[in-house]
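Let me begin by presenting the structure, written as structure tokens, before commenting on it.
All of the numbers you see were taken from the coordinates with simple rules; none came from a lab. No experiment lies behind these values; they were computed from the predicted model shown. We place every Cβ from the backbone using ideal geometry, glycine too, and count neighbours over all the protein chains shown.
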């Protein structure tokens, strides 16, 4: 990067009537930027997803700016109120519980409304869980697709995975610890046993990275009594030069079937469609691997 680029004057202060979109740490409070501290200290109010969580962070840095809640359940009501305040010259910093607002977090509606209303929107960049996970994944970083939280219902989740199964770029997802096993099960069936990494509790005390084929990640988590912390999953893109053979499908089934809840017939249909083998062949492999009740 050239070294003679112009640098913004940080001493110009907070702009009245501007909406600041401020990234905050995803776990470790020390990951906040100096600029973010300055903005949060100087604005007239901070719109926060969880005022208690953000309040602890602000207290850490002796920031006393007023807090007001802004989350999924009140954004429809609060958005026009904030737009009016911005028109009146009030400066607002938008933050989420962790990471960058509007990236799978509240904020999108307010940002769109502010742009449409002619309000100046100013980014204050910082941490993003997706980029943090990608940077240490060991998977290709030159091109990737961020897909946020997959649908909660299996049918919609499977449809999403089917839509992207041939995507050659690296895939990034967020997932709740309550649904991560179900998601990994579906990913194994639809995407195949490709390489991946599960990133849990990043930047926190119990930070963990589980690497390897999806089946290995699934097996590791399945042995645990409880899974805690938000999870970020990174999967390799589809390698079209190395199509999966029926022998590979059989290997996948060996790992997958002990955790499956679907009927053999339904799983056979999905396997046949994905790997281009007959439904009968897939069904026979499933029966040979499925443990007897």
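In table form, for the structure just shown:
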read-out: Residue 209/residue 163 FRET efficiency (R0 35 Å; Cβ-Cβ; nearest 0.05); value: 0.80
read-out: For region 14-119, share of DSSP beta bridges that run antiparallel, in % to the nearest 5; value: 10
read-out: Listed peptides 147-154, 222-229 by packing density, highest first (mean Cβ within 10 Å); value: 147-154, 222-229
read-out: Point-to-point label distance, residue 116-residue 288, nm (Cα→Cβ direction, 7 Å offset); value: 5.8
read-out: Burial ordering of 96, 91, fewest other beta-carbon atoms within 10 Å first; value: 91, 96
read-out: Added length on full extension, which subtracts the Cα-Cα distance from 0.36 nm per residue, residue 16 to residue 33; value: 4.0 nm
read-out: Residues 186, 193, 163, 142, sorted so that the one with the fewest Cβ neighbours within 10 Å comes first; value: 142, 163, 186, 193
read-out: Tail weight of P(r) past 25 Å, computed on alpha-carbon pairs of region 14-127, percent; value: 11
read-out: Extension gain (nm, one decimal) between residue 45 and residue 84, 0.36 nm per residue minus Cα-Cα; value: 12.7 nm
